[in-house]
Amino acid sequence: MNILIVDDHPLTCQGLAALLAATQSGAQVQSAYSAEQARLAIQKLPAPDWIFLDINLPDDPQHLLFKSLCESTWIDHTVLISADPEHRLIRMALAAGVRGFIPKTADPELVLSGFAHILAGEFYVPPALAAQLHDTAGAESVTRNLSPRLQQVQELLMRGTANKVMARQLGLSDHTVKEYVSSVLTFHGVANRLELVLKLSRDPTH
């Protein structure tokens, strides 16, 4: 497994790299300290299987690296890391399709637990932070719409479409549909389909 860590703080990169290299069997970990270094690393072979990305990079104030990942399949292999768990940023990233968010302040056990969930095919946000997202979901406006694929899933959820039917209609596996449903629910800060329908029925602008 090849892992790329993108962060402008060498200490963060080195610490996370050491943790992952020591705990993930066969992991090859490299670091990029800027958006430019990250672009070069992504283009080289072997390509990374996973990207741990701090979206706030000094040489990329417009978040162009993150936007380019969103427009490619790389977003399905990206984990957001940040020292500031700003709710709007996390919801925007989940909407774009990142696989999870891990705070830089997390202890090693939480980092490894979160990555294990992601490797198992789940979208991951630390439980305490997920609860905060749920509490603030109705109070925050969203600066980025759901990705086109997640919009499709949301529309089918609103029609009451079962996961297996959704998988057939979208040409996806049952497991992938389950992941997308989880991402839509997390994005809106709801626990289940019923809460989603009730929320969007009250406020269709979300």
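No lab work stands behind these numbers, since they all come straight from the coordinates. All values reported here derive from a predicted model rather than from experimental measurement. Because the Cβ atoms are built from the backbone with ideal geometry, glycine has one as well, and the counts that use them run over all protein chains shown.
Below are the figures for this structure:
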quantity: The lone exception for residue 70 - which of (1) in contact (Cβ under 8 Å) with a residue 60 or more places away in the chain; (2) under 14 Å from residue 5 (Cβ atoms) it fails; calculated: (2)
quantity: Test: residue in segment 51-60 that is touching a residue at least 12 places away in the same chain (Cβ under 8 Å), buried (at least 20 other Cβ atoms within 10 Å of the Cβ) and assigned to a helix (DSSP H, G or I); calculated: no
quantity: Filtered residue count, segment 12-29, keeping only those that are among the hydroxyl-bearing types (Ser, Thr, Tyr) and assigned to a helix (DSSP H, G or I); calculated: 2
quantity: Complete set of residues in segment 52-80 that are within 13 Å of the chain's Cα centre (by Cα), under 20 Å from residue 104 (Cα atoms) and among the aliphatic types (A, V, I, L, M); calculated: 53, 55, 75, 79, 80
quantity: Looking only at segment 34-49, and only at residues there that are among the charged types (D, E, K, R) and farther than 16 Å from residue 75 by Cβ, the one that is nearest to the chain's Cα centre (by Cα); calculated: 36
quantity: Test result for residue 46, of a type outside the set (Phe, Trp, Tyr) and either assigned to a helix (DSSP H, G or I) or more than 22 Å from residue 21 (Cα to Cα) (or both); calculated: no
quantity: Subset of segment 73-124 [closer than 20 Å to residue 10 by Cα, outside any loop (DSSP other than H, G, I, E, B) and touching a strand residue (DSSP E or B) at 6+ places or on another chain (Cβ under 9 Å)]; calculated: 78, 79, 80, 81, 82, 101, 102, 103, 111
